[in-house]
Amino acid sequence: MNGIIEQAGDYACERHTPVLQCRHVEATPDRVGCQSGSPGCDWMHDKRARGRSYQLGDSVNHTDAARIGGFQFLGFVQAGPRKRAKVVAEQRELYLNPQGPAWIYYGQLFAGFRSALNAPDPRSKLDLVVDRAAAADPARGRAYAEARDGFLRLLPRGATGVPSKQPSWRDGELTVELRNMLGLRLRDGKLLYVAPYVKGPELTQDDADVLLYMMEETLEQALPGGTPVVWDVRRAKPFKLRQNTNRQSLGCHVRGQAAAYMVAWRMAA
């Protein structure tokens, strides 16, 4: 969402929800200070970092705030301290240029999962997806085939797909959109809210817990009454939060990771 500059020398941002006219006035030739009076919007923005001039009527985005997907945030957590800055720099470039390959590499696979849930023959449906991927890129085809096989092993017999919404988990300037999740209804009527993890690196319980925490926190928006589950489909391995998980401790850990992500995001600007 964008703000609109209303008068010369003023700037507008998309920081607030719902959108407010957040006016930024020139503080120095190179810096812009927020004068909106809105809580928390107290940054000094570098005009040169945007690489453009501002004029009356311009639409201005806040690149200080980050909006990424749940699996992308999980990739940051998995990367470890020494690699995280590089991961965030790559994600920032891709997310600010949404035509990049990050948006399409697994897109057909996620769509195949959704359509397979209510198909008479889920394997045949996924075979078509794998075959198309292999024809375009053999490496992608192999990755899709591994994910197909694991997905079919994890899919409970008699389960059917149910609609689920796409919620967002927020902490400060970071918004994590839980995309490509699946809703399943089991034979006994129980609901599963499933995150199909499709990437190459093997998932651990500790890393899965980060995504599971976000899923649990947003469950009422996504699939009320469901149980969050992460499926590592390449290895056919399911993950749930353990019954004795200390939610308060886990929440502190997840929010600490979110803060670390934003530090790396701003440094990559």
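The values are calculated or read from the model by the stated rules, or taken from the named source; none is laboratory data. Please read these numbers as outputs of a predicted model, since none were measured by experiment. Cβ placement follows ideal geometry from the backbone for every residue including glycine, while neighbour counts extend to all protein chains displayed. All accessible areas refer to the heavy atoms of the entire protein, side chains included, with ligands and DNA or RNA removed. Shrake-Rupley method; radii C 1.70, N 1.55, O 1.52, S 1.80 Å.
Key figures for this structure:
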read-out: Charge tally in the Cβ shell below 10 Å around Y106, where Lys, Arg are +1 and Asp, Glu are -1, Y106 excluded; value: +2
read-out: Beta bridges per DSSP with both ends in region 66-207, % antiparallel, nearest 5; value: 75 percent
read-out: 30 Å Cα-Cα threshold exceeded, pairs from K83/K190; K125/K190; K83/K240; K86/K190; K165/K199; value: K83/K190; K86/K190
read-out: Inter-label distance for L128 and K165, nm, one decimal - labels placed 7 Å from Cα along Cα-to-Cβ; value: 3.1 nm
read-out: Local net charge near D149, Cβ-Cβ under 12 Å (Lys/Arg +1, Asp/Glu -1); value: +4
read-out: T204 accessible area, 1.4 Å probe, all protein chains in place, Å² to nearest 10; value: 60 Å²
read-out: Point-to-point label distance, E220-N246, nm (Cα→Cβ direction, 7 Å offset); value: 2.6 nm
